[in-house]
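All of the numbers you see were taken from the coordinates with simple rules; none came from a lab. Please read these numbers as outputs of a predicted model, since none were measured by experiment. For neighbour counting, all protein chains shown are included, and Cβ atoms are generated from backbone atoms with ideal geometry for every residue, glycine included.
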Amino acid sequence: MNDLTLLREAGPEAPPLSLAARSAARAALLDEIDGPGLRRRPRRRVVVRVGLATVTAAAAWTAAVVVAAPHPVGPPPGSVRLVDFHVPTFPLSLDPAPEGLRPAFDGNGDGASIAAYDDASGQDGFTIYVGDDAPEGTGHGDDGAPGYQELDVDGVSLGDDEVEVVTYERDWCVEDTDQGCVTERRRFAWLSWERHDDQWVSLLGHGEYADAEQLQEVAGSLVDRPQPATLDVGLAPEGWSIRAYKMGRVLTLANDAHEAQDLTVHIPLPEDVIPAGQVRESISGPIGPQLDVTVNGRPAQLVRVDIGYVVDGHRYEGWYLQAQFEDGTTFVLQAPEAFTKEQVLQMAEQVTYHP
Amino acid sequence: MPDALPGDAELIARSVDDPAEFAPLFDRHASAVHRYLGRRVGELADDLLSETFLIAFRRRAAYRPEHVEVRPWLLGIATNLVHGHRRTEQRRYRALARAAAEPDRPGDDPGDAADRLDAAALRGPLAAALAGLKPRDRDALLLLAWGQLGYEEIAAVLDVPVGTVRSRLHRARRLTRAALGDISPLDPISEEEDR
């Protein structure tokens, strides 16, 4: 056997490309194609239609696209049973909490491993990484980044430990153009140590926090007190688990038995919130009317959608719900057809968001 | 007879003036790019798939069809994105190696020892070997094995001379074979059979 054949046959396999991930990536590209000047209007999305064993490219992006369906996308309607569920927490807190900074967590089903604290402008802040293993290099790979230049290495005390803080600069892409990135020099500080056995904590500061003393102060304020996820669901289908959560405001759950079947809850940016009267015309593949429903005592919009899969003659559908929390913040719940309408609303009532 | 669909390079050329022409490239190549990324970084592939196409779209004017075809070009962008997640990639390989080191399948006939030297038996050592490679060597090896790029294409997307690709591949394959040790029934390395 050739070693390349071995790599292909016995090397790590890729997880399946879920419909949600594919649709999200495609929507992001189409937004980019729309151009920044148009990005603030309600999104115009494309219906991605799927048929069996036929692959063709659409002549224009507004046309339907037919691609091969990888596999059926889950159990039939009415098969969901909702049970209590909570998103895992980030294991550490800061005491005192840093003034003017708010955390956003990234993680997976094992819990959050990254907490990014930023001020409202994004100019000043730091990111906390927690893991079992010592990180390699400086700044989570920044030592291989364009223009990396080490500026200082300072020794600081953390309890009984003497730890190095590396301050460095690197090129930072501030604008991506057709000709490539427009970069500027940006300064960071990096601190990493084994806080407990098998608990490695790293801090990466930027702006005012690209400074050894600032990071030392942050490190000294870390306490073993889990922080709840900013976005939580309260309920989830039995047998489902978290696939990922991003930036503290996007949460994806997947059916353990059918990975292609997933649901997403996210908090859209204010400029991406669709006006209540335009939800149906602004989303991908609406096939039913826009239903006026109530969530958290507030008007919400629910639309039955074609999610794009046709398998063995069955056209898979789903739900798109735009609703609000009691404080008026909008959230979106996208669920597969295995949910009944009542379950979509039941789950939506239990979604919470505490940024 | 309907007109033939435009080729990849033609779509990119058209998209410089009409950005919408770029969209079909996603439909053509998203699965291949995701599969390549997924084998390297697991679930993170979902995010990197999106980033790959965004970067490709933004840099479409700089694409040169005489330099490299579109699929290798996309895989090159994807490879550069993986660089920012080296630890995720290594952690994934190590986890796969640990998982594969769990006890063997029960009930195998000792006489079937040869059958156990199949690909499945090598999953763990192979993942461990990948974790131990230098990132640049691993890029070249995985673009060859999983991306199914040729030496010249790898050189083009990594922006290094072909000779450098050869030396990186030689080192990566030598180390991989050494890591597999006596358990692998590998044939000798042959550049001619590499695609």
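In the range A:146-225, the inverse of the mean reciprocal separation of distinct Cα atoms equals 13.9 Å; this is its Kirkwood hydrodynamic radius. Over all other residues within a Cβ to Cβ distance under 9 Å of A:Leu302, the charged ones net out to +1, with Lys and Arg as +1 and Asp and Glu as -1.
If you take the beta carbon distance between A:His314 and A:Glu208 as r and set R0 to 45 Å, what does 1/(1 + (r/R0)^6) give as a FRET efficiency, to the nearest 0.05? Step by step, r from the Cβ atoms, then E = 0.20. Estimated at 0.36 nm per residue, the fully extended path between A:Asp84 and A:Thr340 surpasses their Cα-Cα distance by 90.4 nm. Placing pseudo-labels 7 Å out from each Cα toward the beta carbon at A:Met247 and A:Ala276 gives an inter-label distance of 2.6 nm.
Treating r as the C-beta distance of B:Arg136 and B:Arg174 and R0 as 22 Å, the FRET efficiency rounds to 0.90.
Rounded if a/c is under 1.5, else prolate if a/b beats b/c, else oblate: with a ≥ b ≥ c from the C-alpha gyration tensor eigenvalues square-rooted, which is the range A:93-223?
prolate
For the pair B:Leu5 and B:Ser167, a Förster radius of 35 Å applied to the C-beta separation gives a FRET efficiency near 0.35, rounded to the nearest 0.05.
When the alpha-carbon atoms of the range B:7-84 are used, the pair Rg, Dmax equals 12.0, 35 angstrom.
Over the range A:278-349, the reciprocal of the mean inverse Cα-Cα separation, the Kirkwood hydrodynamic radius, stands at 12.5 Å. Put a dot 7 Å past the Cα of A:Glu349, heading toward its Cβ, do the same for B:Ala62, and the two dots end up 5.4 nm apart.
Multiplying the residue separation of A:Asp143 and A:Val182 by 0.36 nm and removing their Cα-Cα distance gives an extension gain of 12.1 nm.
Modelled spin labels at A:Leu269 and A:Asp224, positioned 7 Å past Cα toward Cβ, are 3.9 nm from each other. For the pair A:Arg298 and A:Thr5 in one chain, pulling the backbone fully straight at 0.36 nm per residue adds 99.7 nm over the alpha carbon distance.
Centre-to-centre, using Cα atoms only, the range A:192-221 and the range A:223-291 are separated by 32 Å. Kirkwood-type hydrodynamic radius, the range A:234-355: 14.8 Å, calculated from all non-identical alpha-carbon pairs.
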